[in-house]
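The values are calculated or read from the model by the stated rules, or taken from the named source; none is laboratory data. Here the structure is a predicted model, which is why all the values come from computation and not from measurement. Cβ coordinates were reconstructed from backbone atoms using ideal geometry, including for glycine residues, and neighbour counts include every protein chain displayed. For the accessible areas, the whole protein counts, side chains as well, though only heavy atoms, and no ligand, DNA or RNA atoms are used. Shrake-Rupley method; radii C 1.70, N 1.55, O 1.52, S 1.80 Å.
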Amino acid sequence: MRRPKSWEPSAQSKQVEAEASDGEGGGDTEMMQQETVPVPALSKKTKQPKECFLIQPKETNEDATKTRKRRKKKITDILAKSEPKPGTPEDLQKLMKDYYSSNRSVIELEELNIPDSCFLKANDLTHSLSSYLKEICPKWVKLRKSHSEKKSVLMLIICSSAIRALELIRSMTAFRGDSKVMKLFAKHIKVQEQVKLLEKRVVHLGVGTPGRIKELVKQGGLNLNPLKFLVFDWNWRDQKLRRMMDIPEIRKEVFELLEMGVLNLCKSESLKLGLF
């Protein structure tokens, strides 16, 4: 239907159309703004989140030393995996060469060799002390009766401590009989007292530590020339499972004692060595 040319919209209708057009236009504007909101670009300087790693502290020298100490095998661990082996003359010879190899010439090391004929049969770990001594010295009774020289003994038994010396003295009752036995260690006994006792009476058997025996020889209280048997308490182990020759101090004193006339007596075949 055509509108007459003279017709014009009323003021009220114009106002309604204006509001409608404003509302539609405003909605479109808001939608356009929402659609055209630019997404902020990631800046090159913005750091991307990284994976987190735990960095272990560096091992210091002290930590490394402690680790090595913990890993060090103990003699108890070694013995737990192996059966005990009786000592042999070769063991003594090897220990002497190893001990003196750094400060002795080849010729001097050869002079330390002990003749095989000097060694008695070693304990095979089946003997008690009395049974072993009876085996290596079957004529002991006759030998001790002929001994009358003071400041000397016929047999020396060398061990690692005073406590062990007392144990050995108690365990050799069946062998010693009426023999005079003397304790030759430092615990509770002064050197001068032992020297006086050796000067006063005849002693057949001496049991003690190498350090005290060495000191008695050094002071002239003990003469080694009449000595016929020198027995090492070789196979016995202490609470730490150490043999007497495993202890550095004892090993040092034993070798020093051997050089104080024992080696010469062995080479002259007047002295025999035993490993109990």
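Details
- Surface accessible to a 1.4 Å probe, residue 181 within the full protein complex, Å²: 40
- Set the Cα radius of gyration of the range 85-275 against 2.2 N^0.38 Å, with N its number of residues, and you get 0.98.
- Segments 239-245, 209-215 sorted - mean Cβ within 10 Å per residue, highest first: 209-215, 239-245
- Residues whose amide H lies under 5 Å from that of residue 234, counting only those 5 or more places away or on a different chain, are 276; hydrogens are built 1.01 Å from N in the peptide plane.
- Accessible surface, 1.4 Å probe, highest first, among residues 236, 140: 236, 140
- Solvent-accessible surface (1.4 angstrom probe) belonging to residue 217, in square angstrom, nearest 10: 30
- Take every pair of alpha-carbon atoms less than 8 Å apart whose residues are at least six positions apart; their mean separation over the length of the range 85-275 yields a relative contact order of 28 percent.
- Loop-located GluC sites (Glu not before Pro) in the range 129-184 (DSSP state other than H, G, I, E, B) with a sparse environment of at most 13 neighbouring Cβ atoms within 10 Å: 149.
- Residues with amide H under 5 Å from that of residue 157, placed H, sequence gap 5 or more: 206, 207, 208, 231
- Per-residue surface analysis assigns residue 258 an accessible area of about 0 Å², computed on protein heavy atoms at 1.4 Å probe radius.
- Solvent exposure of the range 85-275, expressed per residue, is 51 Å² of accessible area, with all protein chains present and a 1.4 angstrom probe.
- On the range 85-275, 51 percent of the accessible area sits on carbon and sulfur atoms, based on a 1.4 Å probe.
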